[in-house]
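Everything below concerns the one structure shown next.
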Amino acid sequence: MKKTLTNPDFISLLNSFTNFIKVKNYKTGKRNIYQSAVLDFLIWLELSGTNKIKQVTSKESVAYFEYLIARPKMRGEGTLAEKTIKFQLFALGLFQLKLLENKEIENTFFIPSYSQPHQKERNILSVEQIKTVYQHCENHQERALLSVAYGCGLRRSEIEALDIKDIQLLSGMLIVRSGKNSKRREVPMSNPVMEYIRQYLTQERYSLPSGDGALFVNAKGQRISGDQLNTLLKKMIAQTEQYELIKSDITLHCLRHSIAFHLAENNAGIEFIRRFLGHAEINTTYLYAVKNKKRKPITTF
């Protein structure tokens, strides 16, 4: 990538940031490491067709994060080290702070923290695989389960706790009354999701014992546990008879990760995804966005 700026506004912002770093008394070393990091970002913006700093949103931030992760080292083989990416993002945070202080931007763009994931990655289904599972569902309960797990992105514990009263078809909202950290949230349901759940409620659930009002119950009217829901999902996966899908060890949480990934690929707003999933932080969603380097437009089901 080139190392010079031609945009006069960006040149002015870089010079102003240099003064900001001096006032804050940050040690930059001979290489002016803070300025170099911001210079890289501004050059990337210029090459990407962004000409005004106020045009930068979380969409550009996600794309730049992708670029940093895939970017090759200046010397040697491989991509940038984790500590290098962390510093680049830290410098970008300082740059945003300066922009806010000088009122050069009115709205912040999210800057993720970054660390290499040390835990096993959860499998993510493609949209086509999700459609395949839907097509092989054998009853309305299975389609309803898939709809709340993938279509609404619920955690396993949230699905288990769902009651019939939490499904508000008139408003198109699903209510999670006590999510992680006991937080309540409203999740919008798409038209297909509402229809699948409506069919389950009117054609299957109504004939089962009411129990304690649980949405998902067994033949005796007992609330189905999270483990049992996962077992039901595995049965649904097996019904596809697709070897690659069956061997992937798909769980309900994999469906939650899948919808998050598909929303990010569709350039859904970061704040929307955070609220949709009930996250306190959105860093995980940035990791969804970099799993697929092709950035193909995807339509969720």
Here are P192, P188: which of them is open to solvent by 40 Å² or more (accessible area, probe 1.4 Å), in contact with a Phe, Trp or Tyr (Cβ under 9 Å, 6 or more places away or on another chain) and over 23 Å from E138 (Cα atoms)? P188
Residue count, the range 134-168, condition open to solvent by less than 10 Å² (accessible area, probe 1.4 Å) and more than 21 Å from K180 (Cβ to Cβ), comes to 3
Would you confirm whether or not the range 170-183 contains a residue that is among the aliphatic types (A, V, I, L, M), surrounded by fewer than 18 Cβ atoms within 10 Å (Cβ to Cβ), more than 22 Å from A260 (Cα to Cα) and in contact (Cβ under 8 Å) with a residue 24 or more places away in the chain? no
Can you spot a residue in the range 72-82 that is open to solvent by less than 90 Å² (accessible area, probe 1.4 Å), part of a helix (DSSP H, G or I), in contact with a helix residue (DSSP H, G or I) (Cβ under 6 Å, 6 or more places away or on another chain) and not hydroxyl-bearing (S, T, Y)? no
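What are the residues in the range 15-46 that are at pLDDT 85 or above and either under 26 Å from the mean Cα position of the chain (by Cα) or closer than 17 Å to K86 by Cβ (or both), if any? It would help to see each step written out before you state the result.
Residues of the range 15-46 that are at pLDDT 85 or above, as a first pass: 15-23, 32-46.
Hits for the range 15-46 are I33, Y34, S36, A37, V38, D40, F41, L42, W44, L45.
Yes/no matrix, rows are residues, columns are (1) part of a helix (DSSP H, G or I); (2) open to solvent by 30 Å² or more (accessible area, probe 1.4 Å); (3) modelled with pLDDT of 90 or more:
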position: Q228; (1), (2), (3): yes, yes, yes
position: I250; (1), (2), (3): no, no, yes
position: H253; (1), (2), (3): yes, yes, yes
position: H262; (1), (2), (3): yes, no, no
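The values are calculated or read from the model by the stated rules, or taken from the named source; none is laboratory data. Everything numeric here is computed off the predicted structure, so don't read it as measured data. Neighbour counts run over all protein chains shown; Cβ positions are idealised from the backbone, glycine included. The area values use the complete protein model at the heavy-atom level, side chains included, leaving out ligands, DNA and RNA. Shrake-Rupley method; radii C 1.70, N 1.55, O 1.52, S 1.80 Å.
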